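Below is one structure; the comments refer to it alone.
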Amino acid sequence: MPSPELRRINAFLSDFARRQAAHTVALPGGFAALDDAFAHSHANNQVVIDQSSVDPEALPAIVDEALGHLPHRMISVFDDAVATACAEPLLRAGYTQSTHLVMLHTGPVPAAGRAEEVDLAALRPPLTRRWRGFLPDVDDEVIRHLVDRREARRRGADVVQFIGARTEEGEVASWADLYLDPGAGIAQIEDLITSETHLGRGYANAVLATALRRAADSDCATRFLAADAADWPRHWYERRGFTVIGQSHCFDRA
């Protein structure tokens, strides 16, 4: 069984997806979170499974019906046991599976780094360049959706801040989202990214430290992030006081 802390985090993730969506559709075992304004963003047009009552064998057909107007399929399953039950039918249906580690900050809270809250206008140029580097073959509309979808994230939590560390010239070199629910005492740090030209200069450290300090100052004792289980940043986060307490799963099909 998931720990009480992990259950709270999973509930936060589910609630964020629901609140961020332009509209939702109730489904057996979960819901579809949809936003036509960002049709190219899989995270803004996905199915979220947040109940153990889902029928794994029926899930591929349920998702096809809910996302039939889109060329992609994405399913987020926050509970590890539910994801395990759903994996075989989804893999047979052509999905690929990725695992994300839920990492809880258990180390000391650092002093605020040299980062600050920034607006989307300041983030747009470096974020556009970074997405163009990740996806060099997609058209400009896809990149625009992936950049501007951050505005929709403001709906997802009680407090949403974009934290950025600037160069001496004022360019945002590294950035992340910070989602706060002070009433529930929970905070998420999401999408910590550094521009390629500024890697290895401490900007990401500044962003992470500032986000953690702001979360603690907002009475959020539960501070977490999600890291790709197969990628190196998980070890970077571990060195900065994060501990793996569980995992969630994402299923994709082009």
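When peptides 41-54, 4-17 are ranked by their average number of other Cβ atoms within 10 Å per residue, the highest-first order is 41-54, 4-17. Working note: Cα atoms of segment 165-235, range along each principal axis, descending, whole Å: 38, 32, 13. Taking amide hydrogens as placed 1.01 Å from N in the peptide plane, the amide H of Phe242 sits under 5 Å from those of Thr106, each at least 5 positions away in sequence or on another chain. Its Cα gyration tensor gives segment 79-174 an equivalent ellipsoid. The semi-axes, each the square root of 5 times an eigenvalue, are 31, 23, 13 Å from largest down. Only beta bridges with both residues in segment 1-125 are counted; by DSSP, about 75 percent of them are antiparallel. Near Asp50, the amide H atoms lying under 5 Å from its own belong to Gly30, Phe31; only residues 5 or more places off or on other chains count, and H is placed 1.01 Å from N.
Working value for segment 127-169: equivalent-ellipsoid semi-axes of 22, 18, 6 Å, each the square root of 5 times a Cα gyration tensor eigenvalue, largest first. With contacts taken as Cα pairs under 8 Å at a separation of at least 6 residues, the chain carries a relative contact order of 26 percent.
Segment 156-184 and segment 1-48 have their alpha-carbon centroids 21 Å apart. Remark on segment 49-104: hydrodynamic radius 12.0 angstrom, per the Kirkwood mean of 1/r across alpha carbon pairs. Karplus-derived 3J(HN,Hα) values for segment 148-154, using 6.51 cos²θ - 1.76 cosθ + 1.60 with θ = phi - 60°, are 6, 4, 4, 5, 5, 5, 4 Hz; glycine and proline are entered as x. For segment 169-178, backbone phi angles converted through the Karplus equation (6.51, -1.76, 1.60; θ = phi - 60°) give residue-by-residue couplings of 7, x, 6, 6, 9, 8, 7, 7, 8, 10 Hz, Gly and Pro being listed as x. Over segment 215-254, the pair-distance histogram of Cα-Cα distances with 5 Å bins from zero comes to 5, 17, 24, 20, 16, 10, 5, 2, 0 percent, rounded to whole numbers. When the alpha-carbon atoms of segment 119-254 are used, the pair Rg, Dmax equals 15.3, 43 angstrom. Relative intensity of segment 1-122 on a log10 scale, I(q)/I(0) at q = 0.20, 0.23 Å⁻¹, equals -1.16, -1.40, per a Debye sum over C-alpha point scatterers of equal strength in the absence of solvent.
Heavy-atom accessible surface of the chain, averaged per residue, reaches 45 Å², computed with a 1.4 Å probe.
Helix 80-92: angle to the longest alpha-carbon principal axis of the chain, degrees 0 to 90, nearest 10? The angle comes out near 60 degrees.
Relative to the dominant Cα principal axis of the chain, helix 203-217 is inclined by about 80°.
The share of accessible area on segment 24-95 that comes from carbon and sulfur is 55 percent, using a 1.4 angstrom probe. What the phi angles of segment 30-36 give under the Karplus curve with 6.51, -1.76 and 1.60, with θ = phi - 60°, is a coupling list of x, 7, 9, 9, 10, 7, 5 Hz, glycine and proline written as x. Each principal axis of the chain carries a Cα extent, and these read 54, 43, 31 Å when sorted largest first. Over all projection directions, the Cα-based convex hull of segment 3-62 averages an area of 4.5 nm².
The values are calculated or read from the model by the stated rules, or taken from the named source; none is laboratory data. Bear in mind that the values here come from a model prediction, so they are computed numbers and not experimental data. Glycine also receives a Cβ, built like all others from the backbone with ideal geometry; neighbour counts cover every protein chain displayed. Just so you know, the surface numbers come from the protein's heavy atoms only, side chains and all, with ligands and any DNA or RNA stripped out. Shrake-Rupley method; radii C 1.70, N 1.55, O 1.52, S 1.80 Å.
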